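Note sheet for the following structure.
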Amino acid sequence: MHIFVKSGMGNFVNTMRSAISSSVRSTSTMSGKPGMDDIGIKKLGVTDAKEVKDEDWKKVLDPQTYSVTRKADTEAPFTGAYDKFFEKGRYRCVCCGIELFNSDSKFWAGCGWPAFSNSVDNDLNIKRIVDNSHGMTRTEVRCKNCDAHLGHVFDDGPQDKGGERYCINSVSMVFEQM
Ligand SMILES: [Zn+2]
């Protein structure tokens, strides 16, 4: 189960409006989705994501992306750019650019967030953390390189692909076409 936590619809609409306008401003792909130039550390001009301070993340990430990746918020279901997106390519961390998922493992779960059956090289760049928030025990997944919150991993994925479902916020990722 994936719980969507927001303070109120008014705030949510404003957040979405600012997220949309900022992604239009900074978009570098024809599809209208964030591109490689939208990666946080590229905008900051640094190479080591571990040295980036919270206030600097805030400067280069749009408000929704900042609150999801740096404050473990969750985007509204069925709103993300990659929920119903199945082009061939790789998904990178929006903060540091490291490779997280490949389109080969992406599937439609109907839950409202992008779903993957596996991460790149079996969690090479992903760490798992026990998350006891919201009155349940879940496994949170974060970027191993920059600690960005990505989403959660559940054990209700396709059995023929290992049985796991990575439930990931679209805003945590940047798609790179291959
Ligand atoms: Zn990262």
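Using mean Cβ contacts within 10 Å as the protection proxy, how do 165-175, 136-146, 119-129 order, highest first? Before the final figure, lay out each step's value.
On the way: 165-175: 25.8, 136-146: 18.0, 119-129: 14.9.
Per-residue mean Cβ counts within 10 Å order the peptides as 165-175, 136-146, 119-129.
For segment 83-120 and segment 41-65, what is the centre-to-centre distance using only Cα atoms, to the nearest Å?
Here the answer is 22 Å between Cα centres.
Which percent of the Cα-Cα distances in segment 33-178 go past 18 Å?
Details: 5518 of 10585 pairs.
For segment 33-178, the fraction of Cα-Cα distances above 18 Å is 52 percent.
What does the extension gain come out to for residue 124 and residue 36, with contour length at 0.36 nm per residue minus their alpha carbon separation? Mind showing how you got there, number by number?
Values: separation 88, 0.36 × 88 = 31.68 nm, distance 2.06 nm.
Gain in length upon complete extension: 29.6 nm.
For segment 123-168, evaluate the Debye formula with one uniform point scatterer on each Cα (no solvent term) and list log10 I(q)/I(0) at q = 0.25 Å⁻¹, rounded to two decimals.
Result of the Debye calculation: -0.92.
A short reminder: the numbers here are calculations on the coordinates, not readings from a lab. Quantities reported herein were computed from a predicted structural model and do not represent experimental measurements. Glycine gets a Cβ as well: all are built from the backbone with ideal geometry, and neighbour counts include every protein chain shown.
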